[in-house]
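Structure first, commentary second.
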Amino acid sequence: MKIKKYLLNCFLLLIPLFLWNIILVGYLPETYSPEIFWKDIPIWIGYSENILRIVVFAIPAIMIFSLQTRLQKIGFRIYLAGIFIYFLSWIFVIIYPQSNWTTNLIGFMAPAYTSLIFLVGIGLIGNKAFFNISYLSLIYIGLSILFVVFHTTHTYIVFQRL
């Protein structure tokens, strides 16, 4: 069945992260609420972050999910470590909102910058698309880095206001 081939794409790797965010977003401290988090963010940062978010989360749908090569297997390990660290960053922020970790810059921004780890993993896993795109992994990782730079900058601005 040909359609099955297209269902095995790297977008599947994003589903646990989407579910995590949807289920737990309401438990984040108030400083992460949209009213506070998006207040007075420069428009160019907001647009850049959101456009890159759409691109970085859409591209995996055309990336073939495969764990055949050594690099893809390394990518999968990086992805697993990345989601573990990302989930852990959320757990600390939710369970210990007043801790030294959560109230300092590095801890507050952890849910933003740790996403780069699992995104790099996805980039290494999905090094081929359903049609020919040269340097797909490098393009995806580069766009992921740009997204994380804007997302982390946004988070830094929020932290500076607190």
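Quick notes on this one:
- Cβ-Cβ under 8 Å pairs, at least 6 apart or on other chains, the stretch 11-40 side at negative phi and loosely packed, with under 14 Cβ neighbours inside 10 Å, far side small (Gly, Ala, Ser) and part of a helix (DSSP H, G or I): 38/46
- Residue selected from the stretch 121-152 under the condition of a type in the set (Ser, Thr, Tyr) and out of contact with any Pro (no Cβ under 9 Å at 6 or more places or on another chain), by the criterion surrounded by the fewest Cβ atoms within 10 Å (Cβ to Cβ): 134
- Some residue of the stretch 111-127 being in contact (Cβ under 8 Å) with a residue 60 or more places away in the chain and touching a strand residue (DSSP E or B) at 6+ places or on another chain (Cβ under 7 Å): yes
- Cross-chain or 6+ apart pairs with Cβ under 9 Å, the stretch 55-73 first and touching a residue at least 40 places away in the same chain (Cβ under 8 Å), then of a type in the set (Gly, Ala, Ser) and assigned to a strand (DSSP E or B): 59/129; 62/129; 63/129; 64/129
- Filter result for residue 59 (at pLDDT 95 or above, under 28 Å from residue 160 (Cα atoms), part of a helix (DSSP H, G or I) and hydrophobic (A, V, I, L, M, F, W, C)): no
The values are calculated or read from the model by the stated rules, or taken from the named source; none is laboratory data. Predicted model, so just to flag it, every value in this text is computed and none were measured. Glycine also receives a Cβ, built like all others from the backbone with ideal geometry; neighbour counts cover every protein chain displayed.
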